[in-house]
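Quick notes on the structure that follows.
The values are calculated or read from the model by the stated rules, or taken from the named source; none is laboratory data. Quick caveat: nothing in here was measured; it's all calculated off a predicted structure. Don't worry about glycine lacking a Cβ; one is built from the backbone with ideal geometry, like all the others, and counts go over all protein chains shown.
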């Protein structure tokens, strides 16, 4: 038996390779993939050669061993159907639709403990958004938005849009977003953002402050999220947040570096820079929050937001190279790109 697996082989290089796969052994199942989602953040860093080659791919996922050095398989949003059971696996797993944090390939082996049954009323198109919804939920928990606050989100890729959807459910004073691409700004406002601006506009900081100001409140943000993937956005976040404001950094920059202006108001205003990453739970929350609780709430939020509307492109696995070229060269055209099998 053989399968087809996507490999990142070099900067701007992906290949679909045929390789052998065995029948499921004791305690394993064979999953046939239906659809997988491309992460336009992490996967583009790998595709562009901007990921640290010596960094472990993911210490929390069995399906992602090794480092980010080429060649490697990567991906963490696959939905498929269990087509074969190994010995000692309960029969209830047969034909079950499941989600897996697994690379892009048409067949794979997994232990049932590595799989999440897809809720019966969710289509694969919705279920593939689970990891990004989990990330958006983690950002929200780390940011701790409060009633009546001014909140700014830098970046309206898929994680940014899902975060905006969650924040729109809070009784905030203002929710303002930024993204360079018009289609994302429009989507942001349909989700509940009060305004959305182009961060590259020469007067964007003035526009942003004017949007935050009202008669009862000053023109500063209380909380900002930086998830654009662009390190330069951090300076903009520092420029628009006020005294003891919080800036949550959800972007992973890989090998990209930037200079921050920490010589102005940053020191006097006691601004707080905080990193957020979905594979762990903040220590102050771990007494009540567990990974299983986080996933359960993320499923609920997928139900509520219905993010399949943000799928802009579908490519068969065999045409994966076109999908990555699109995201790399024409990001203005895409929001969520998926691979079909």
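Here's the yes/no breakdown for (1) part of a loop (DSSP other than H, G, I, E, B); (2) at pLDDT 95 or above; (3) surrounded by fewer than 17 Cβ atoms within 10 Å (Cβ to Cβ):
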position: 62; (1), (2), (3): yes, no, yes
position: 89; (1), (2), (3): yes, yes, no
position: 136; (1), (2), (3): no, yes, no
position: 140; (1), (2), (3): no, yes, no
position: 153; (1), (2), (3): no, yes, no
position: 159; (1), (2), (3): no, yes, no
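Considering every residue within the stretch 193-211, establish whether at least one is touching a helix residue (DSSP H, G or I) at 6+ places or on another chain (Cβ under 7 Å), outside the structural domain of residue 310 (by TED's automatic domain parsing) and within 30 Å of residue 55 (Cβ to Cβ). Looking through the stretch 193-211, at least one residue is touching a helix residue (DSSP H, G or I) at 6+ places or on another chain (Cβ under 7 Å), outside the structural domain of residue 310 (by TED's automatic domain parsing) and within 30 Å of residue 55 (Cβ to Cβ).
Going by what's in this entry, would residue 253 be described as under 18 Å from the mean Cα position of the chain (by Cα), surrounded by 13 or more Cβ atoms within 10 Å (Cβ to Cβ) and closer than 22 Å to residue 143 by Cβ? So residue 253 passes the test. Of the residues in the stretch 182-203, none is within 26 Å of residue 272 (Cβ to Cβ), more than 27 Å from the chain's Cα centre (by Cα) and exposed (fewer than 15 other Cβ atoms within 10 Å of the Cβ). Counted as qualifying within the stretch 1-50 are the strands (runs of 3 or more DSSP E) with 3 or more residues that are surrounded by fewer than 16 Cβ atoms within 10 Å (Cβ to Cβ), namely 2-10, 13-20.
Any chance the stretch 63-83 includes a residue that's in contact with a strand residue (DSSP E or B) (Cβ under 7 Å, 6 or more places away or on another chain), in contact (Cβ under 8 Å) with a residue 24 or more places away in the chain and at positive phi? So far as the stretch 63-83 goes, yes, one or more of its residues are in contact with a strand residue (DSSP E or B) (Cβ under 7 Å, 6 or more places away or on another chain), in contact (Cβ under 8 Å) with a residue 24 or more places away in the chain and at positive phi.
Scanning the stretch 161-178 for residues that are touching a residue at least 40 places away in the same chain (Cβ under 8 Å) and in a loop (DSSP other than H, G, I, E, B) gives a single hit, 173.
Each residue in the stretch 313-330 was checked for being in contact (Cβ under 8 Å) with a residue 60 or more places away in the chain and either surrounded by 17 or more Cβ atoms within 10 Å (Cβ to Cβ) or touching a helix residue (DSSP H, G or I) at 6+ places or on another chain (Cβ under 8 Å) (or both), and 6 of them qualify. Across the stretch 96-104, not a single residue is classified as touching a helix residue (DSSP H, G or I) at 6+ places or on another chain (Cβ under 9 Å), part of a helix (DSSP H, G or I) and on the phi < 0 side of the Ramachandran plot.
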